[in-house]
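Asker: Let me give you the structure first, and then I'll get to my questions.
The values are calculated or read from the model by the stated rules, or taken from the named source; none is laboratory data. A quick note: this is a predicted structure, and the numbers were derived from the prediction, not measured. When we count neighbours, we look across all protein chains shown, and the Cβ atoms used for this are built from the backbone with ideal geometry, even at glycine.
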Amino acid sequence: MTGLSERQVTVWSQVPAPYFSRIYSELWTRNTDIKVLFLKSEQPHAGWGALSLDFPHLTSPTWTDVAKHARRRGWHIVHGYRDRRLILAALLVRSFGGPRMLSPFFDSSIEDFADRSASSQVFQRWLVRSVFGANCRPAQVSKSNSDYWKSIGYSKMVDLPYGVPPSWGEETYRISLESRQFDVVHVGRLTAQKGLDALADSWSRVVDVLPDASLLLVGATEDARLRVRLSSLPGASVEEGVPWEQVPSTFERGRVAVFPSHREAFGLALVEAAASGCVLASSARIPSLREIASVPEDSLFDSRDAHSLSEALIRSVTLARSVRDRLPDRGVPLMSVEKYMTALEGF
């Protein structure tokens, strides 16, 4: 088995993301020969906060740079396939041949795939397998993601599950539910796709039953209409997004974490909220629910049904107010750099 210090890892991505930036930083400090190419921008997506990129990376590379790095041996990890630059980069890596492993790393879910028309499913199978090839070894980040890859036609996968940093389990739960400032908290991008309009529709019913209910919404949005609407809700406070390192302490400001998203590829924020000791109220369609050990059925709702959402919130807030200390652990998955090391050393 070749040591990682003697292997090369090349990552192709659009923009930085908090989760993977931490992984790449850890790999770099462990003497991995890693190079990350951000094909679009060095700036993260809105709502992710500032990131420190303390590993070798290249931003907005020229096609000469792309061709040069496509020749690197070792592992090539591609984040996504819905961007033409990523598709061309993957095709270039394959065209140069040689003993290298090309691993797409994206968190498409079987739930999302099943919602597509039959013709769309056929096209997606053709596109993914055409770009990455039959010998590709996809990264499996969750049970739902594994089922997605099987539906595409891949049976051999690398197990690299999402999770929260182990330190979060040690650092969180410092604040009991009784002492938290807000009844309900949502951390993430404030968009219609994330179900924030549905949450606004349901909130009037919540305050009818619980007149002193309070709501904290933390995240970036470019939708001025939605921000005005959310800010006008009774008992609501809207704040800008925070860096990833502050996510646990932000979730700890609320007793109940709500996730009304209509569609998620995974939903890592749900796992982060569980690790922060929040009671969960979630859309039943978020795939990461399958990764958490115990989520009560009565905390789930149909994100397109305002009555279903409001009833779940009322039950969850009532429960959270009755619990003096945190709820029992929900068995959340943990981020493991060691799993990345083992996977990379195996090729």
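Asker: Please work out which residue is farthest from Ser144 (Cα to Cα), limiting yourself to region 258-286 and to residues that are of a type in the set (D, E, K, R) and in a loop (DSSP other than H, G, I, E, B).
Answerer: Arg263
Asker: May I ask you to verify whether Ser237 is outside any helix (DSSP H, G or I) and surrounded by 16 or more Cβ atoms within 10 Å (Cβ to Cβ)?
Answerer: Against the criterion (outside any helix (DSSP H, G or I) and surrounded by 16 or more Cβ atoms within 10 Å (Cβ to Cβ)), Ser237 qualifies.
Asker: Which of the residues spanning region 138-148 are surrounded by fewer than 18 Cβ atoms within 10 Å (Cβ to Cβ) and touching a Ser or Thr at 6+ places or on another chain (Cβ under 6 Å)?
Answerer: Scanning region 138-148 gives no hits.
Asker: Also: Starting from residues that are modelled with pLDDT under 90 and surrounded by fewer than 14 Cβ atoms within 10 Å (Cβ to Cβ), keep the ones in region 172-190 and report whichever is farthest from Leu217 (Cα to Cα).
Answerer: Arg174
Asker: In region 287-305, which residues are without any contact (Cβ under 8 Å) to a residue 40 or more places away in the chain, in a helix (DSSP H, G or I) and not hydrophobic (A, V, I, L, M, F, W, C)?
Answerer: Glu297, Asp298, Ser299
Asker: Would you be able to tell me the number of residues in region 199-213 that are crowded, with 19+ Cβ neighbours inside 10 Å and either part of a loop (DSSP other than H, G, I, E, B) or out of contact with any helix residue (DSSP H, G or I) (no Cβ under 6 Å at 6 or more places or on another chain) (or both)?
Answerer: Total satisfying the criteria: 3.
Asker: Give me the residue from region 242-257 that is assigned to a loop (DSSP other than H, G, I, E, B) and in contact with a Leu (Cβ under 9 Å, 6 or more places away or on another chain) and, out of that set, modelled with the lowest pLDDT.
Answerer: Applying the filter and picking the extreme gives Pro243.
Listed here are the residues, each with its yes/no results for (1) aliphatic (A, V, I, L, M); (2) free of Cβ contacts under 8 Å to residues at least 12 places away in the same chain; (3) in the same structural domain as Leu88 (by TED's automatic domain parsing).
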| position | (1), (2), (3) |
| --- | --- |
| Val122 | yes, yes, yes |
| Arg129 | no, no, yes |
| Phe132 | no, no, yes |
| Ala139 | yes, no, yes |
| Ser142 | no, no, yes |
| Asn145 | no, no, yes |
| Tyr148 | no, no, yes |
| Ile152 | yes, no, yes |
| Ser155 | no, yes, yes |
